[in-house]
Amino acid sequence: MNKETSIMDRIADANKSVITGIDAKDIENWVMIHIMGKAYEVPSELTILQAMEYSGYRFIRSCGCRAGFCGACATVYRKEGEYKLHGVLACQTKVEDGMFLVQIPFAPAEKSCYDITVERYDPAVLLKYYPEITRCVSCNTCTKACPQELQIMDYIQSALKGDFEGLADASFDCIQCGLCAIRCPAEIVHYHMAQLGRRMFGKYGIPEELNLKKRVEEIENRVYDEEFQKIMKMAPEDFKTLYVEKQKEREVY
Amino acid sequence: MGADKSSGKLKKIPYYPGCSLKTKSKDFEKSAVAAARILGIELIELPKWNCCGTVFSLAQDDLMHHVAPLRNLLRVQEMNEAGLLEGENRLLTICPMCFNTLKKANQRMRDNPADLETINTFMDAEQDYQGEVEVIHLLELLKERGVAEIKAKVKIPLTALKVAPYYGCMLLRPKDIAIDDPEDPTIQEELLAAIGAQVVENPYKKVCCGSYQTVRNKYTVADLTYDILTHAKKAGAEMITTSCPLCAFNLDDRQKEVTEKYPDFEGIPVCCISQLMLLAFGVNRGGDGFELNYVDPRPLLKRKNLLSGADLKTGAK
Amino acid sequence: MKKISITSDNYEFLEKVKQLSGEPITLCDQCGTCAGSCPMISEMDISPSEMLRLVQLGQEEVLDTKAMWLCASCFTCTVRCPRGLDLSKIAEALRQITLRKAVDQIDIKLISEEELSRLPQIALVSACRKFTG
Ligand code: SF4
Ligand code: SF4
Ligand code: FES
């Protein structure tokens, strides 16, 4: 960075270390990225989300869990000299030199209203609420757009074939980022349809989880009331310790 | 070609079911697979198949809509490369719309290598399609298997049943993909005769049922259905056979609309030929397989003594 | 009767339909076999052969007629045309000209729930291909 710096650039640089608390001089590796068409030099170790913050952006939308679960930080980018358009999660993807990127915080998509307790377990339910899935041309663009690497085209096809299980399995890891729906030439809203499919499959396609049923009954029969009361009265510190102990016992997610 | 008759080993052929056979016309698939098995042919469902698009895209510059059919042909190529098919390079279709779409797309790719290359390049996650798969229809396979072979398997000839075969469009037109003479097809007649049914000649057997117009103009379709069915009935038919799930919907389910328009109309059941074959082969399904029909064929079949368990006992497997 | 004078605009339209359909449209000599074969003719405002004639004369107003939307792509005219023309491709070209302007002919969201639960997949898939862009 051996160029003549204007007063504005210096103010911006000063701001950067104020925001991030990092002195640019301490960073060894830099990459050049382009955010909405404007070039920024950023430390190469950052995720896209961090790099944008480093460059002075503040997230009001397009950021949520920062852990790859909420799907808010959907980002598309192309790299210099490539024609491929990539879809990624900004919080999970490191910046690379020559990225041209933009956030897609939201996909306009209608979510149908239904009551799965009154719907019949029949594939026709998918066409009833999302008839546009019949417009799929099998281009596979959705699959290529998915940051979760889901086989989206396959699950759309499962839906057309009336295969609830295939649909539920293949779409299970969907985080509803909406990138597929933005890219689809048939204007399908994959993730909302898949959610209906999973709900139907969960309710009618797999046997009821007896342990869960039993536990709900127990709760309803006030079996745990006493223990709940104990927890409610706990001092915050004791509660924290208990929580941490319990966390260690098993993975929760 | 044909099954290995001497050893009793089943001849394998991959088949493409299509969306409607998995949902509204389930027994078209089930009965075809079962009937083929009795004739020594094992139908293997194509792995990871996708909807073919149901209509062949007719615009010259529209390649996108040929991607879907091509993906399915590619699956056959892959199966063969994996040695799963003993060199069988044909893809069997049961639904005529799928047949038409897959066969026409295949043909366009063969005739236009540049188009094939464009699509191969577009499908960059897949291997290239070489254009070597042949698309055939179930009726062709059955005929190839041979009328004599079919006759030999008949345990309960359907002599009492008067059937009018209906062809519709997609198996006969355009000419270059037709499975039979587009103006005077006889393949269903031959197969029906083989299982002993009385074939009724319907002058409307190749008149379009209105196809996808059923979505936009259901009463126009009801008119066409009325004509087709009334002529068949006048000729003495008690049942219609069709291979196509969409024709089946228009001819069967749309009888609801026909009766709204023509209150005197009396229903006539619509089945597919493989369902009748199973009956003739003496497979006792206890009347199963007809649940999704709008006009229930079971009362008719019972009247003709083709459904009662007692009658079937001798022939049942 | 309307008098038609042919301008370069008319040629342009004819050329466009020729390209999209790939058919030598000028070959038609108006025998009417297609019209006599069409299962949907009773619903149409102009016959298939009239549709073709309008295209031959480059009359873009053909796009405002209903015939091509009633075509069921049954290929009956295709197998019967003595001049070997594939009229179904010409009808498709006309549909595409409209659909590519994002003017859909059906709104699948307006189909009743009852119909959507009855219709087989192939009906909806083909209708979407023929009536939506
Ligand atoms: S399926 Fe669609 S919404 Fe779900 S994670 Fe993939 S791209 Fe995002
Ligand atoms: S992007 Fe849309 S049209 Fe293409 S395969 Fe996916 S769902 Fe089908
Ligand atoms: S911020 Fe939630 S997935 Fe990235």
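Of all the residues that make up segment A:68-91, how many are near ligand 3 (Cβ under 6 Å from one of its atoms) and closer than 19 Å to A:Phe172 by Cβ? Number satisfying all stated conditions: 5.
Taking segment A:105-132 as the range and being more than 9 Å from every other protein chain (Cβ to nearest Cβ) and in a helix (DSSP H, G or I) as the test, only A:Leu126 passes. Of everything in segment A:146-160 that is within 12 Å of ligand 1 (Cβ to nearest atom) and assigned to a helix (DSSP H, G or I), the residue that is surrounded by the most Cβ atoms within 10 Å (Cβ to Cβ) is A:Ile156. Here the helices (runs of 4 or more DSSP H) wholly within segment B:89-157 that include at least 1 residues being without any contact (Cβ under 8 Å) to a residue 12 or more places away in the chain and not β-branched (Val, Ile, Thr) are B:96-111, B:113-122, B:147-153. Only one of the listed residues (A:Gly71, A:Gly98, A:Gly64, A:Gly87) is on the phi > 0 side of the Ramachandran plot and either within 16 Å of ligand 2 (Cβ to nearest atom) or out of contact with any helix residue (DSSP H, G or I) (no Cβ under 9 Å at 6 or more places or on another chain) (or both). That residue is A:Gly98. If we only count helices (runs of 4 or more DSSP H) wholly inside segment B:180-236, which ones have 1 or more residues that are within 14 Å of chain C (Cβ to nearest Cβ), at pLDDT 95 or above and farther than 19 Å from B:Glu140 by Cα? Ranges flagged: B:213-216, B:218-234. Listed by first and then second residue, the pairs linking a residue in segment C:117-129 that is more than 7 Å from chain B (Cβ to nearest Cβ) to a residue that is crowded, with 24+ Cβ neighbours inside 10 Å, with Cβ atoms under 7 Å apart and 6 or more places separating them unless they lie on different chains, are C:Cys128/A:Thr134.
Conditions tested, residue by residue: (1) free of Cβ contacts under 8 Å to residues at least 60 places away in the same chain; (2) of a type in the set (Lys, Arg); (3) away from ligand 2 (no atom under 11 Å from the Cβ).
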position	(1), (2), (3)
A:Pro123	yes, no, yes
A:Lys128	yes, yes, yes
A:Cys139	yes, no, no
A:Ile152	yes, no, no
A:Ile156	yes, no, no
A:Asp169	yes, no, yes
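Reported count of residues in segment B:165-179, each being assigned to a loop (DSSP other than H, G, I, E, B) and either under 16 Å from B:Glu144 (Cα atoms) or within 12 Å of another protein chain (Cβ to nearest Cβ) (or both), is 10.
To keep it simple, each residue is scored yes or no on (1) surrounded by fewer than 24 Cβ atoms within 10 Å (Cβ to Cβ); (2) of a type in the set (A, V, I, L, M, F, W, C); (3) under 26 Å from C:Leu87 (Cα atoms); (4) touching a Leu at 6+ places or on another chain (Cβ under 8 Å).
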residue: B:Val199; (1), (2), (3), (4): yes, yes, no, yes
residue: B:Tyr212; (1), (2), (3), (4): no, no, yes, yes
residue: B:Thr259; (1), (2), (3), (4): yes, no, no, no
residue: B:Pro269; (1), (2), (3), (4): yes, no, no, yes
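Please pick out the residue among C:Ile97, C:Ile90 that is touching an Asp or Glu at 6+ places or on another chain (Cβ under 7 Å), more than 8 Å from chain B (Cβ to nearest Cβ), assigned to a helix (DSSP H, G or I) and among the aliphatic types (A, V, I, L, M). Every option except C:Ile90 fails the conditions. At least 2 residues being more than 13 Å from the chain's Cα centre (by Cα) and more than 11 Å from every other protein chain (Cβ to nearest Cβ) is the threshold, and among the helices (runs of 4 or more DSSP H) wholly inside segment C:1-76 those reaching it are C:8-21, C:33-37. From the list B:Leu73, B:Leu91, the one residue that fits, being closer than 20 Å to B:Met123 by Cβ, under 19 Å from the mean Cα position of the chain (by Cα) and away from chain A (no Cβ under 14 Å), is B:Leu91. Of everything in segment C:102-121, what is part of a loop (DSSP other than H, G, I, E, B) and either of a type outside the set (Asp, Glu) or over 24 Å from the mean Cα position of the chain (by Cα) (or both)? Give them in sequence order. Once the filter is applied, which keeps residues that are part of a loop (DSSP other than H, G, I, E, B) and either of a type outside the set (Asp, Glu) or over 24 Å from the mean Cα position of the chain (by Cα) (or both), segment C:102-121 yields C:Ala102, C:Val103, C:Gln105, C:Ile106, C:Ile111, C:Ser112, C:Leu119, C:Pro120.
A:Asp169 satisfies every condition listed in (1) charged (D, E, K, R); (2) away from chain B (no Cβ under 14 Å); (3) under 19 Å from the mean Cα position of the chain (by Cα) except (2).
Within segment A:146-174, the set of residues being of a type in the set (S, T, N, Q) and within 16 Å of ligand 3 (Cβ to nearest atom) comprises just one member, A:Gln148.
Here is the figure for segment A:161-194: residues that are in a helix (DSSP H, G or I), in contact with a Lys or Arg (Cβ under 8 Å, 6 or more places away or on another chain) and of a type in the set (A, V, I, L, M, F, W, C) total 2. If you take the residues in segment A:136-145 that are surrounded by 21 or more Cβ atoms within 10 Å (Cβ to Cβ) and more than 8 Å from chain B (Cβ to nearest Cβ), which one is nearest to ligand 3 (Cβ to nearest atom)? By that ranking, first place goes to A:Ala145. Is it true that A:Gly202 is away from ligand 2 (no atom under 16 Å from the Cβ) and either outside any loop (DSSP other than H, G, I, E, B) or buried (at least 19 other Cβ atoms within 10 Å of the Cβ) (or both)? Yes; evaluated as a whole, the condition is true for this residue. Put simply, of A:Ala24, A:Ala67 the only residue that is outside the structural domain of A:Pro147 (by TED's automatic domain parsing), within 16 Å of ligand 1 (Cβ to nearest atom) and surrounded by fewer than 17 Cβ atoms within 10 Å (Cβ to Cβ) is A:Ala67. Does B:Gly131 satisfy being more than 14 Å from every other protein chain (Cβ to nearest Cβ) and more than 16 Å from B:Tyr15 (Cα to Cα)? So B:Gly131 passes the test.
The values are calculated or read from the model by the stated rules, or taken from the named source; none is laboratory data. All values derive from a computational prediction rather than experimental measurement. Cβ coordinates were reconstructed from backbone atoms using ideal geometry, including for glycine residues, and neighbour counts include every protein chain displayed.
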